[in-house]
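These notes are about the structure you will find just below.
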Amino acid sequence: MDVAKIRQDFPILFQEVNDEPFIYLDNAATTQKPKQVLSAIENYYLHDNANVHRGVHTLSERATRQYEASRETVRAFIKARSTKEILFTRGTTTSLNWVARGFGDIIVEPGDEIYITPLEHHSNVVPWQQLAKRKQAKLLYLPLNEEGSVDLEAAKSVISAKGKILAVTHASNVMGTINPIKELAELIHAVGGYIVVDGAQSTPHMAIDVQTLDADFFAFSGHKMSGPTGIGVLYGKEALLEIMEPIEFGGEMIDFVYDDYSTWTELPWKFEAGTPNIAGAIGLKAAIDYLNAIGMDAIAEQEHRIISYLLPKLQEIEGITLFGPTDPNKRTGIITFNIDGVHPHDVSTGFDMEGIAIRAGHHCAQPLMRYLDVQSTARASFYYYNTLEEAEQFLVSLVKIKEFFTNGLI
Ligand code: C6P
C-alpha cells in the first residue's frame with residue numbers, strides 16, 4: 001500500500017498547526033475524508049439533488065438509485081445476506097438506541113437479564129440501562145480478562161437462562177482490544193438470547209462478516225471510516241427486523257395511513273422515517289469504495305505495522321502507563337496512555353503545541369475509567385493514512401512533553 005500516494009487524497013493533512021507539520025492521531029473520534037468522498041457528495045448536490053422514493057421524475061430516480069446503491073455497497077462490505085438487513089441511521093448511537101427501543105422493548109420482560117461489559121462506550125451502556133429500567137430487568141457486566149477483552153470463561157458463569165440481550169463492543173475505543181464476538185454469540189444464543197455488536201471501532205479497521213460473527217445486530221458510523229458525519233448503519237438479521245418496531249414514525253415508513261391507525265411498509269424502509277440523509281449515504285458509499293480499493297486487509301496491516309513499532313518503544317519510556325494488551329495482534333490502531341503525574345488534558349495540549357492532534361478525557365467510557373481506576377487518559381489513534389514517520393514524531397513529542405511537565409524542560 002502506497003501511503004504517500006493515499007495521503008495526496010487528503011489535503012487536510014498538508015497544513016501546519018502551531019507552526020508544526022500537522023499530524024492527525026484522533027481517528028477513533030472521527031476520520032479524515034478523501035477527495036473522492038467529498039466529490040461524490042458535491043456531484044450529488046450539483047447534478048442529482050432530489051428527494052428519494054417519492055418523485056417519478058428523472059432526478060428523483062437518480063437520487064433513489066444512488067441512495068439504494070449505497071445500501072448494496074454496505075451490504076457487500078459487511079457481508080449481510082440482503083439489503084433488507086441494512087438500515088441507514090445517523091450513526092452508531094442511533095443504531096443502538098433503535099435496537100434497545102424497537103427490539104429490546106419487545107423481547108425483554110421483568111426479571112430478564114441484559115449483559116454489557118466494562119469496555120462499552122456510553123452509547124452501548126445508557127440505552128440498555130434505560131431498557132432495564134423500563135422493563136425491571138437486570139443489567140449485568142461481563143468480566144474482562146487481564147488483557148482487557150471479555151473473559152469467555154467468566155462470561156459463561158454470568159450468562160443464565162434469563163439472558164435476553166448481550167450488547168458488546170467489537171473493538172474498544174479506549175484500549176483497542178478486540179472481543180471474541182463469535183464465541184459470545186454462541187454463549188448468548190445457547191440460552192435463547194441475542195447479541196448486539198457495537199462495530200464503531202472495528203468496521204473502519206478490519207474486514208467484517210456479520211454472518212461469520214453470527215451477530216444479530218451490528219452498528220457502525222460512517223464518519224469513523226472516511227465517510228461523512230450524520231450517516232451510520234444498523235444491520236439486523238431479517239427475521240429480527242421483521243419483528244422489531246420502528247422508533248420513528250412519519251413519511252416514507254408507512255404503507256397505509258387510516259384515520260386512527262397505520263401500517264408499515266416493508267424492510268428496510270419501515271425504519272427510515274422522513275427524508276433520509278441522501279448525501280450522507282452517497283458519501284458513505286464513496287468511502288467504502290475507497291476503503292475497498294485499498295483493501296481492508298492492507299488497512300489492518302498498516303495500522304498493525306505502526307502499533308508494532310510503537311508498543312515496544314513506549315514500554316521502554318519510564319513514567320508512561322500504557323493501557324490494553326502489549327501484543328499488537330490483539331488490538332487495533334489505538335494507543336491509550338498516561339504520563340504519570342500529568343493530567344491527560346495537559347498532555348493533549350502539549351501535543352497540540354507540537355502540531356499533533358490526540359484525544360484526552362474519559363472517551364465516553366466512564367465505567368471503563370472506573371474499572372482502570374483512572375479519571376481520564378490520553379489516546380492516540382491511527383488510521384491507514386498515518387505513516388511510521390508520524391509515529392516516530394509522536395514518540396519524540398511524547399518524550400519532550402514528559403520532560404517538560406516532569407522536569408520543566410522543553
Ligand atoms: N467514539 C471516540 O472518540 P457515534 O458518535 O454515534 O458516531 O459513535 C458512538 C460510539 C459508539 N461506540 C464506540 C465504541 C465508539 O467509539 C463511539 C464513538 C468516539 O471514542 C467519540 S466519543
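The values are calculated or read from the model by the stated rules, or taken from the named source; none is laboratory data. Everything numeric here is computed off the predicted structure, so don't read it as measured data. Every residue, glycine as well, gets a Cβ built from its backbone with ideal geometry; the counts of neighbours run over all protein chains shown. With ligands, DNA and RNA removed, areas are computed over all heavy atoms of the protein, side chains included. Shrake-Rupley method; radii C 1.70, N 1.55, O 1.52, S 1.80 Å.
Name the residues in the stretch 214-232 that are away from the ligand (no atom under 11 Å from the Cβ), under 27 Å from Leu25 (Cβ atoms) and surrounded by 24 or more Cβ atoms within 10 Å (Cβ to Cβ), would you?
Phe218, Ser226
Matching residues to (1) surrounded by 15 or more Cβ atoms within 10 Å (Cβ to Cβ); (2) closer than 30 Å to Met353 by Cα:
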| residue | (1), (2) |
| --- | --- |
| Val3 | yes, yes |
| Ile12 | no, yes |
| Gln32 | yes, yes |
| Thr58 | no, no |
| Ala69 | no, no |
| Arg75 | yes, no |
Could you tell me whether any residue of the stretch 101-114 is within 16 Å of the ligand (Cβ to nearest atom) and over 29 Å from Thr377 (Cβ atoms)?
-> yes
Does Glu42 satisfy the criteria of being open to solvent by 70 Å² or more (accessible area, probe 1.4 Å) and under 29 Å from the mean Cα position of the chain (by Cα)?
-> yes
Tell me, please, whether a residue that is under 21 Å from the mean Cα position of the chain (by Cα) and within 13 Å of the ligand (Cβ to nearest atom) can be found in the stretch 62-85.
-> no
Would you say Ile306 is open to solvent by less than 20 Å² (accessible area, probe 1.4 Å), closer than 30 Å to Asn407 by Cα and in contact (Cβ under 8 Å) with a residue 40 or more places away in the chain?
-> yes
Being open to solvent by less than 40 Å² (accessible area, probe 1.4 Å) and part of a helix (DSSP H, G or I), is that true of even one residue in the stretch 189-204?
-> no
How many residues, within the stretch 355-373, are open to solvent by 20 Å² or more (accessible area, probe 1.4 Å), within 13 Å of the ligand (Cβ to nearest atom) and not hydrophobic (A, V, I, L, M, F, W, C)?
-> 4
Extreme residue, nearest to Thr387 (Cα to Cα), among residues of the stretch 1-46 that are within 16 Å of the ligand (Cβ to nearest atom) and assigned to a strand (DSSP E or B) = Tyr24
Which one of these does Asn124 not meet: (1) within 16 Å of the ligand (Cβ to nearest atom); (2) touching a residue at least 60 places away in the same chain (Cβ under 8 Å); (3) out of contact with any helix residue (DSSP H, G or I) (no Cβ under 7 Å at 6 or more places or on another chain)?
-> (3)
What pairs can you find where one residue is in the stretch 68-82 and assigned to a helix (DSSP H, G or I), the other is modelled with pLDDT under 95 and of a type in the set (S, T, N, Q), and their Cβ atoms are less than 6 Å apart, with a gap of 6+ or different chains?
-> none
Condition broken by Glu153, with the remaining ones in (1) open to solvent by less than 20 Å² (accessible area, probe 1.4 Å); (2) away from the ligand (no atom under 15 Å from the Cβ) satisfied | (1)
Within the stretch 147-176, the count of residues that are over 13 Å from the mean Cα position of the chain (by Cα) and either within 20 Å of Ser123 (Cβ to Cβ) or acidic (Asp, Glu) (or both) comes to 11
Among (1) in contact with a Pro (Cβ under 6 Å, 6 or more places away or on another chain); (2) more than 25 Å from Phe77 (Cα to Cα), where does Ile254 come up short?
-> (1)
For Gly280: the one exception among (1) open to solvent by less than 30 Å² (accessible area, probe 1.4 Å); (2) more than 16 Å from the ligand (Cβ to nearest atom) = (2)
Within the stretch 236-254, which residues are acidic (Asp, Glu), over 17 Å from Ile195 (Cα atoms) and open to solvent by 80 Å² or more (accessible area, probe 1.4 Å)?
-> Glu245
Among (1) farther than 30 Å from Gln32 by Cβ; (2) assigned to a loop (DSSP other than H, G, I, E, B) - the single one Gly230 does not satisfy = (1)
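Out of the stretch 256-277, which residues are out of contact with any Lys or Arg (no Cβ under 8 Å at 6 or more places or on another chain) and open to solvent by 60 Å² or more (accessible area, probe 1.4 Å)?
Across the stretch 256-277, the qualifying residues are Phe256, Val257, Tyr258, Asp259, Asp260, Tyr261, Trp269, Thr275.
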What strands (runs of 3 or more DSSP E) completely inside the stretch 259-368 contain at least 1 residues that are touching a His at 6+ places or on another chain (Cβ under 9 Å) and closer than 22 Å to Tyr384 by Cα?
-> 334-339, 359-361
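Which one of these is free of Cβ contacts under 8 Å to residues at least 40 places away in the same chain and of a type outside the set (Ser, Thr, Tyr): Val257, Val210?
Val257
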Within the stretch 342-350, is there a residue that is touching a Phe, Trp or Tyr at 6+ places or on another chain (Cβ under 6 Å), more than 13 Å from the ligand (Cβ to nearest atom), on the phi < 0 side of the Ramachandran plot and of a type in the set (A, V, I, L, M, F, W, C)?
-> yes
All but one of (1) modelled with pLDDT under 95; (2) open to solvent by 50 Å² or more (accessible area, probe 1.4 Å) hold for Lys182; which doesn't?
-> (1)
